[in-house]
Amino acid sequence: MKEILINYMKRFSELSEPELEKVAADVPVATFEKGSILLRQGEVPDKCYFVLKGCVRQFSVDESGKEITSDFYTEEQSVTVFNQHTIDKASNYSLVCLEDSVMVVGDVTVEQNLYNENPFLERMVRKMVEEDMGKMKDDFAAFISSKPEDRYKDLQKERPDLVNRVPQHQLASYLGITPESLSRIKKRHHSM
C-alpha cells in the first residue's frame, strides 16, 4: 500500500526513493470499514487523510434535511476539510467511507511539529494542496458553466470508476441533478 503513497510523493518532491521510503515508513496508516464516519458536519476537524485504497464521500445536509454530495475521494487523493476561515472552525461537511478503505491519517494538531522536523514535508504538502486547490477551482468553474449531460460526460472521462462505484442517487447529487435525470442521461449514452 505504501508504494501508492511513495509514487504520489515523487510528483511533489525531489527526494530520492530511499528518502521517500523512510518518510512513508513513519506515516500512520489505518483501515476503515465501509460506513465509517470520519467527520460529522458541525465537528471541528482534527484529521486529514490520503486514500491508498477505497472511496470517501463528502456531503452536507441542508436545512430541509436533504443530503448534497460535494465530492468523492478515491485512490491517490487527499481528504482535507479546509475551515480555518470560519469563526468556530466547524466543518460544513461530513465524510463517510463508501467502501472498506485504507488511508494515511494525519493529525492536524501536530502538523507544524512535523514541518519543523522535516522542512521538505511542508514544501511537498504545499505543492499538493496548490494542485488540489487549482483543480478544485477549475472543476467548479466547469461545473457551473456546463449542462448536466456535459457534467456526466466529463465524469465518464475524468473519473469513470465513480459511475459504477458509488450509489446512483449520490452520483446524481454530485452532478447537481435528480436520480431520474441521471438515469435518462445514462440511457442516452449507453444507447449511442
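Any read-out appearing in this document is the output of simple, stated calculations on the displayed coordinates, not a laboratory observation. Predicted model, so just to flag it, every value in this text is computed and none were measured. Don't worry about glycine lacking a Cβ; one is built from the backbone with ideal geometry, like all the others, and counts go over all protein chains shown.
Residue farthest toward the positive end of the dipole of the range 2-118, with Cβ of Lys/Arg at +1 and Asp/Glu at -1: which of L98, I68, V108?
Going by the charge dipole, the pick is I68.
Bin width 10 Å, origin at 0, all Cα-Cα pairs of the range 2-118: what percent of pairs per bin?
With a bin width of 10 Å, the distribution comes to 13, 40, 33, 12, 2, 0.
Relative contact order, percent, of the range 2-118 when contacts are C-alpha pairs under 8 Å separated by at least 6 residues?
36
Using modelled amide H (1.01 Å from N, peptide plane; none on Pro or chain starts), what sits under 5 Å from the amide H of K53, excluding residues fewer than 5 places away?
Result for K53 returns V102.
Rank by packing, highest mean first: peptides 21-32, 163-174, with packing defined as the count of other Cβ atoms within 10 Å averaged across residues.
163-174, 21-32
What net charge is computed for the residues neighbouring F32, neighbours being all others with C-beta under 15 Å from the C-beta of F32, Lys and Arg scored +1, Asp and Glu -1?
Neighbour charge sum, excluding F32 itself: +1.
With θ set to phi - 60°, apply the Karplus curve 6.51 cos²θ - 1.76 cosθ + 1.60 along the range 58-74 and write out the HN-Hα couplings as whole Hz, x wherever there is a Gly or Pro.
Result, ordered by residue: 10, 8, 9, 10, 7, 4, 8, x, 7, 7, 10, 7, 10, 6, 10, 10, 10 Hz.
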